[in-house]
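Asker: Got a structure for you, questions after.
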Amino acid sequence: MVERVTSKRGAANDDSPVGQSGARRKSDKPQGGAHAAAKAGFDKKTIALVYDFDGTLSPKPMQEYTVLPALNMDPKLFWAESNRIAREQGADPLITYMHLMYKKAKEKGVRIDRDDLVQLGRDVELFPGVAEWFDEIATYVALRAESQGVVVRHYLVSSGLTEIIEGTAIYPRFHKVFASEYWFEAYDLPYPKRVITDTGKTQYLFRINKGIEDLGESINQHMPEDERPIPFSNMVYFGDGETDVPSMALMRKSGGHAVAVHTAGKARSKCVDLFRAGRVDFFAVADYRRGSELFKRTCLLIDRMLADIRIREEMWKLGRAIK
Ligand SMILES: [Mg+2]
């Protein structure tokens, strides 16, 4: 299968300090310039809000709004078959579904190229307030940030498909999207180029922490804590369940924050379990509108991070003064 048009990846970055929004810089440069920046001033002022996608920003798995309807497939039957094959073959469930999806498309004679996946992404439903969330958070931080130059970035770390996420209206709001992706030109059926598993997600949290966002660069080299551009204490991870446990555990163990969400009117037992186990600071209904419990609790975490940034900046200045 040949890709018709290669859409360039690379979400728009919004690195302007809060309060000066609108100045978007398009760059995928790694953020590792800690050495140079450290000379100019305290530079750990970036806050990263990191989101899972399916079940966190959107009620259902993204395939259920896009490819499965295009193939006229019942989601329950599809996932049941995919999970059964994965179990029987001892295969990774994500690779299995990525393969099965295109096997079904081929069987049905439906051609879905990269651009088609992007187009289908328009149909993905988002939880209430998600579209406005990014501006509301920017407004709140601008009101509260007393330290100059605080920047808020939004990241997506999803097992879902990059191509579908690209088609959603919120795609440009992310500084970077890390998600599974297909090769479209290498094989007859599209072949997984990158598969982000539950535990694999933690790699991307380290990439954000270390400023090594270029996937061509190795993440494994040691980097002292004080050189990492976004300390874990400046990060919040938003997820909806078991698949987020490794990410939430990493955040909490490393001084970061985590929030679990659940669909309104549906069981919140998973969130309660996560909360009781100390995996998350808070949980709330996935209502991203201003004034919701999720918004207020996120703002509390932002207040804590802003205070932390001010304290660490003051300590940094004191350290410089006594040299
Ligand atoms: Mg999820």
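Asker: What relative contact order, as a whole-number percentage, does the chain give when Cα pairs under 8 Å and 6 or more residues apart are counted?
Answerer: That works out to 24 percent.
Asker: Enumerate the residues in segment 261-282 having an amide nitrogen under 16 Å from the point lying 7 Å beyond the Cα of LYS296 toward its Cβ.
Answerer: Answer for segment 261-282: 282.
Asker: What nm value, rounded to one decimal, do you get for the distance between HIS222 and ILE322 when each label is placed 7 Å out toward the C-beta?
Answerer: Label at HIS222, label at ILE322, 2.7 nm between them.
Asker: Sequence gap at least 6, Cα distance under 8 Å: using those rules, report the relative contact order of segment 159-286 to the nearest whole percent.
Answerer: After rounding, I find 16 percent.
Asker: Given a Förster distance of 41 angstrom, what is the FRET efficiency for GLU88 paired with LYS253, based on the Cβ-Cβ distance and rounded to 0.05?
Answerer: Computed FRET efficiency for GLU88 and LYS253: 0.70.
Asker: What is segment 64-121 by shape, rounded, prolate or oblate, if you read a ≥ b ≥ c off the alpha carbon gyration tensor as root eigenvalues and call it rounded for a/c under 1.5, prolate for a/b larger than b/c, and oblate otherwise?
Answerer: The shape class here is prolate.
Asker: Go ahead and set up a Gaussian network model of the chain, Cα springs under 10 Å, then flag whichever of ASP281, ASP92, ASP116 fluctuates most.
Answerer: Looking only at ASP281, ASP92, ASP116, the biggest GNM fluctuation is shown by ASP92.
Asker: Treating only the Cβ of Lys, Arg, Asp and Glu as charged (+1, +1, -1, -1), what charge dipole size does the chain show about its Cα centre? Round to the nearest 20 debye.
Answerer: With only Lys, Arg, Asp and Glu charged at Cβ, the dipole is about 680 debye.
Asker: Longer than 27 Å from Cα to Cα, which of LYS60/LYS296; LYS45/LYS270; LYS103/LYS266; LYS176/LYS266; LYS60/LYS104 are they? Say none if no pair is.
Answerer: Distance filter (> 27 Å) returns LYS45/LYS270; LYS103/LYS266; LYS176/LYS266.
Asker: Leaving out same-chain residues fewer than 8 places away, which aspartates and glutamates sit with a Cα under 20 Å from that of LYS317?
Answerer: ASP43, GLU146, GLU225, ASP226, GLU227, ASP308
Asker: If you project the alpha carbons of the chain onto the principal axes, what extent comes out on each, in Å, largest first?
Answerer: 71, 42, 37
Asker: Can you quote the Å³ per residue value for the convex hull of the Cα atoms in segment 168-323, rounded to an integer?
Answerer: Per residue, the Cα convex hull of segment 168-323 comes to 166 Å³.
Asker: So, in Å, what gap is there between the alpha-carbon centers of segment 159-238 and segment 37-116?
Answerer: Each part reduced to its Cα centre gives a spacing of 14 Å.
Asker: Just to be sure I understand: with springs between alpha-carbon atoms less than 10 Å apart, which residue in SER147, SER233, SER218 has the highest mean-square fluctuation in the Gaussian network model of the chain?
Answerer: Maximum fluctuation in the GNM of the chain, among the listed residues, is at SER218.
Taken together, the values in this text are just the output of simple stated rules run on the coordinates, not laboratory data. It should be emphasised that the depicted structure is a prediction, and the values quoted were computed from it without experimental measurement. Quick reminder, even Gly has a Cβ in these numbers, built from the backbone with ideal geometry, and neighbours come from all protein chains shown.
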